Each structure stands twice: as structure tokens, then as C-alpha cells.
1. In debye to the nearest 20, how big a dipole does the stretch 126-255 give about its Cα centre with +1 on each Lys and Arg Cβ and -1 on each Asp and Glu Cβ?
2. What is the distance, in nm, between label points placed 7 Å from the Cα along the Cα-to-Cβ direction at residue 63 and at residue 272?
3. In the neighborhood of residue 54, defined by Cβ-to-Cβ distances under 12 Å, what is the net charge if each Lys or Arg adds +1 and each Asp or Glu adds -1?
4. Can you tell me which of 12, 113, 301 moves the most in a GNM of the chain? Springs connect C-alpha atoms under 10 Å apart.
5. For the chain, find the longest principal axis of its Cα atoms and tell me its angle to the long axis of helix 210-232, 0 to 90°, nearest 10.
6. Could you give the nm distance between label points at residue 204 and residue 167, where each point is 7 Å from its Cα heading toward the beta carbon?
7. Describe numerically, in nm with one decimal, the distance between label points set 7 Å from Cα along Cα→Cβ at residue 299 and at residue 312.
8. Quick check: the angle from helix 104-119's long axis to the longest principal axis of the chain, C-alpha only, nearest 10 degrees?
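The values are calculated or read from the model by the stated rules, or taken from the named source; none is laboratory data. Please read these numbers as outputs of a predicted model, since none were measured by experiment. Reconstructed Cβ throughout: ideal geometry from the backbone, glycine too, with neighbour counts over all protein chains shown. Side chains are part of the model used for accessible areas, which takes the heavy atoms of the whole protein and leaves out ligands, DNA and RNA. Shrake-Rupley method; radii C 1.70, N 1.55, O 1.52, S 1.80 Å.
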Amino acid sequence: MIISKTPFRVSLLGGGTDFPSYYKKYSGCVIGGTIDKFCYVTVRRMPNVFNFKHRIVWSKNETVNQNNEIIHPTVRSVFNYLKIKNGLEVHYQGDLQKNSGLGTSSSFCVGLLKSIYTLNKITKSKKKLALEAIKIEQNIMKENSGSQDQIWASYGGFNFIKFNSKNIFEVKNLKIKREKIHDLNSNLILIYTGLHRFSNTVEKDKLKNFEKNIKYLDKIKNLTLNLKKELLNNKKNENIGAFLNEYWELKKELSLKVTNSKINEIYEEALKSGATGGKLIGSGGGGYLLVYCKKKFLSKLKKRLRKLSIINFNFTNKGSEIIFNS
């Protein structure tokens, strides 16, 4: 039996420029990091005493004989990609909701790949693991997805990821001062909007308006490069909220599906409570709002938004790892 532990991620800036349609022409970059919220994937060989071949346990309990009978799209695609022939049992557990903008589906894909490879005594580098997850999601599953989530899940850490026009990515760990990371851990929070969304729908709408959106994506890339400079200098993180807010305004220009009246209302309430800025995590339309709010105002914010789930988190350094192998 193999159990993998794979982190979710919080992307600060750059989302949108990590899509192949953009970076293959103009290059792109993102800043963010993996957090102390995880998904756990258990994989074991299925005894051949049952009247089915595979058992997949997530929010459903599937028992099937053929790979193509599997309902879960990621499991089905990974099984077909790896040409799984022998019976497997897969269990998924996550610390936070799926389809919430935290890269949960990519974390699951990476964790599942790592678990199956480990079961078969195959070692893959972080880069190869990320590239395979990108291939599965973009080329096999035909998802309208970017290329950052799979990299965060594989590598872990607080990073600057650069994508160039030759379809090559570079991961650079941002070795910023410890007090700056502590500040981010203390003053960044996640607010769950209560809205469940499918990123593929939102991203499809953005891609439909790709030519119009290039100017906004260029601005997002420049803003990300400026944040990198800000984080690496000796100043405090006083402008993080302003960076997030500026990005949020640009992100809303990419599609009308990015936000709605409920999300806007939550965001305005957060600002009135002392937050200096924020943005919706992931593609948009629901999931979590990432908000920068100084610690002294957090109690006021939590009281004002007490009907919503508010999550504290810390950035972490590890990517997907095997925590049980027997």
C-alpha cells in the first residue's frame, strides 16, 4: 500500500500567463507557493477475489472492470495514460473542497501518478512528474487549464515560475527573508465564498476572448515581475494588498464569469473590515478569496464575515511525497 501527501497551492500573481496559448507566444510567469493543506492518495493492488477489477473511492464509490468505465476523469485518464492492466484500489481524501481554486485537481493528479509509480518501484523527477500531469490534464483530459498547478504540486515551495515561448518552465525558489514569509503567513487568509465552480467553464470563456485579453495578460505579467522585486527587496510587505487588488481588477477584465455580485459583496466587506486587498484564487466564479489583512484587523473581519468559512494557512517547502510505503 502506498500513501502520497500532496500540497494545495496559493497563487499570488500571474495566473493567466501560465496558459500555453499565452506563454508559447509571449512567455509568462507566476508567483505563489504550496500551503499546509493537502490531498492524500492511497493506492494498493486489488486482490483478484472480487467480481470487479478496480475500486475508486472519492465522493463516489466505483467498482469497475475496465479503465474506460471509471467515472472520475483524472483517474480514468491516468489509468489509460499508464496503461494500467492489473487491478488497483484508489482512495482520495482532501483537507479542502475540490474545485475551489487551490489547484486541488492537479494536486490529485500528481499525487496519483507518484503513488502508482512508487507502487511499481519507478522513480520520477519533480520535473517529469509535473510535465506528465500537465500532459494528462491539457492533452488527454482536454482541460482548459494552465501549467502552474502541476508544478507547485510536484516541487513545493514559495516560488517564481517562469514559462518561456519554447514551452520550457523554470522554477526559482524565492528566498525572501524569514520575517516576510512570517508576515504573509500571519496576514493572508482564505475566505470561502460558498460558491462551487468548474474552472474549465470560466477558462473556456477567457480563451474565447484571447486576442482581446492579451493586453491585460501583458499587464498581469509586468505586475508579477514587479511583485518579485518587491518581495526580494528589504522593505516590509506593506504593498501586498495593493498588488493583489490591482491584479484582481485586471483579472475581472478577462471574462464576465470571473466574478459576480456575491463575490463582489464579500470582497467589499473584507475591505471595509481592514483588508488592504485581495483576489479570487484560481480561474474565478467561486471558490476562495485570498485577502491580505493585518493581524490587528483580523478579528473585526472574521466577525463581519462570520457566516463564511475563513481559513488560516502557512506556506510550505515540500511538494508531493510518499508518507507510507508497505
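1. Values: 26 positive and 16 negative charges, 90 e Å.
Computed about the Cα centre, the dipole is about 440 debye.
2. 5.4
3. Working: positive: 44, 45, 53, 55, 76, 85; negative: 62, 69, 89.
Net of charged neighbours comes to +3.
4. Comparing 12, 113, 301 in a Gaussian network model of the chain, the most mobile one is 301.
5. Tilt of helix 210-232: around 80 degrees.
6. So the label points at residue 204 and residue 167 sit 2.4 nm apart.
7. Going by the 7 Å Cα→Cβ label model, 1.3 nm.
8. 40
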